[in-house]
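Trainee: Sharing a structure, written as structure tokens. Questions coming.
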């Protein structure tokens, strides 16, 4: 399916998984999903970030960091999801920071980081990129309830000794960040490339996916 039109999602919306949509008729698609409890989003087209839209019910969020919306989507969702408990990020495979991707941290620390976020999973974490380092550092420093943060990185061949050493230094630097949560467990591991597309979004590289799940109706 190459075309989606979403106007008003039902109030009892539980989960929405939106992936690889080439055309969006409703640029305010984000505002249509504010009742969701779990979201997985990949927007390869530009979307609007509506003012005043709050995701009070959202507890789990998965984001593919696309080249168009960049970190703006993450900043917007953190600011707009006060009860978020679980965050999953997927970064594209590129070592350089695309133009316009610079991380501008929020003026105020989002409520979800201060009070609720417990789990961070970041697959394909690009340790070479300054913007990803800044985002990771910001979350670790400010997520006061964080219990576990997992970063998976692209495998490096054993013979690439210089690259291995650089990665070790960068990950050690990240692990030395003073964390907002004293009980946060930090995990680094290599990406499992055979399963990476299934982590947050299903096989969005192959399928155009829109799956809306509603709560069961009381009998």
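The values are calculated or read from the model by the stated rules, or taken from the named source; none is laboratory data. This structure is a prediction, so every number in the text was calculated from the model and none was measured. Cβ atoms come from the backbone with ideal geometry, glycine included; neighbour counts cover every protein chain shown.
Trainee: Is it the case that some residue within region 172-183 is farther than 17 Å from residue 87 by Cβ and surrounded by 18 or more Cβ atoms within 10 Å (Cβ to Cβ)?
Mentor: No, the conditions are met nowhere in region 172-183.
Trainee: Would you confirm whether or not region 148-165 contains a residue that is more than 25 Å from residue 59 (Cβ to Cβ), surrounded by fewer than 17 Cβ atoms within 10 Å (Cβ to Cβ) and modelled with pLDDT of 85 or more?
Mentor: Within region 148-165, one or more residues are more than 25 Å from residue 59 (Cβ to Cβ), surrounded by fewer than 17 Cβ atoms within 10 Å (Cβ to Cβ) and modelled with pLDDT of 85 or more.
Trainee: May I pose another question? Quick check on residue 16: is it crowded, with 19+ Cβ neighbours inside 10 Å, within 26 Å of residue 122 (Cβ to Cβ), touching a helix residue (DSSP H, G or I) at 6+ places or on another chain (Cβ under 6 Å) and modelled with pLDDT of 75 or more? First the steps, then the outcome.
Mentor: Details: crowded, with 19+ Cβ neighbours inside 10 Å: yes; within 26 Å of residue 122 (Cβ to Cβ): yes; touching a helix residue (DSSP H, G or I) at 6+ places or on another chain (Cβ under 6 Å): yes; modelled with pLDDT of 75 or more: yes.
The answer is yes for residue 16.
Trainee: Regarding region 134-143, can at least one residue be identified that is part of a loop (DSSP other than H, G, I, E, B), within 29 Å of residue 54 (Cβ to Cβ), at pLDDT 90 or above and out of contact with any strand residue (DSSP E or B) (no Cβ under 9 Å at 6 or more places or on another chain)? Walk me through how you get there before you give the answer.
Mentor: Our first condition is that a residue be part of a loop (DSSP other than H, G, I, E, B); within region 134-143, this holds for 143.
Remaining after also requiring within 29 Å of residue 54 (Cβ to Cβ): 143.
Now restrict to residues that are at pLDDT 90 or above: 143.
Subset that is out of contact with any strand residue (DSSP E or B) (no Cβ under 9 Å at 6 or more places or on another chain): none.
The answer is no, given that none of the residues of region 134-143 is part of a loop (DSSP other than H, G, I, E, B), within 29 Å of residue 54 (Cβ to Cβ), at pLDDT 90 or above and out of contact with any strand residue (DSSP E or B) (no Cβ under 9 Å at 6 or more places or on another chain).
Trainee: What about residue 118, is it free of Cβ contacts under 8 Å to residues at least 60 places away in the same chain and surrounded by 13 or more Cβ atoms within 10 Å (Cβ to Cβ)?
Mentor: Values: free of Cβ contacts under 8 Å to residues at least 60 places away in the same chain: yes; surrounded by 13 or more Cβ atoms within 10 Å (Cβ to Cβ): yes.
Taking the combined requirement at face value, the residue satisfies it.
Trainee: Considering each residue of region 168-198, count those that are in contact with a strand residue (DSSP E or B) (Cβ under 9 Å, 6 or more places away or on another chain), at pLDDT 85 or above and closer than 11 Å to residue 151 by Cβ, and give that number.
Mentor: Residues in region 168-198 being in contact with a strand residue (DSSP E or B) (Cβ under 9 Å, 6 or more places away or on another chain), at pLDDT 85 or above and closer than 11 Å to residue 151 by Cβ: 7 in total.
Trainee: Another question about this same structure. Please verify whether region 44-52 includes one or more residues that are free of Cβ contacts under 8 Å to residues at least 40 places away in the same chain, touching a helix residue (DSSP H, G or I) at 6+ places or on another chain (Cβ under 8 Å) and within 26 Å of residue 125 (Cβ to Cβ). Working first, answer last.
Mentor: As a first pass, look at region 44-52 and keep what is free of Cβ contacts under 8 Å to residues at least 40 places away in the same chain: 44-52.
Right, trim to touching a helix residue (DSSP H, G or I) at 6+ places or on another chain (Cβ under 8 Å) and you get 47-50.
Right, trim to within 26 Å of residue 125 (Cβ to Cβ) and you get 47, 49.
Taking every residue of region 44-52 in turn, at least one turns out to be free of Cβ contacts under 8 Å to residues at least 40 places away in the same chain, touching a helix residue (DSSP H, G or I) at 6+ places or on another chain (Cβ under 8 Å) and within 26 Å of residue 125 (Cβ to Cβ).
Trainee: Scanning region 43-70 for residues that are surrounded by fewer than 19 Cβ atoms within 10 Å (Cβ to Cβ) and not in a loop (DSSP other than H, G, I, E, B), which turns out modelled with the lowest pLDDT?
Mentor: The qualifying residue modelled with the lowest pLDDT is 70.
Trainee: Going through region 110-133 one residue at a time, which ones are part of a loop (DSSP other than H, G, I, E, B) and at pLDDT 95 or above?
Mentor: Filtering region 110-133 down to residues part of a loop (DSSP other than H, G, I, E, B) leaves 110, 116-118, 124-129.
Result: 110, 116, 117, 118.
Trainee: Further, regarding this structure: Being at pLDDT below 85 and either in contact with a helix residue (DSSP H, G or I) (Cβ under 7 Å, 6 or more places away or on another chain) or farther than 19 Å from residue 175 by Cα (or both): is that true of residue 98 here?
Mentor: Working: at pLDDT below 85: yes; either in contact with a helix residue (DSSP H, G or I) (Cβ under 7 Å, 6 or more places away or on another chain) or farther than 19 Å from residue 175 by Cα (or both): yes.
Yes, satisfied.
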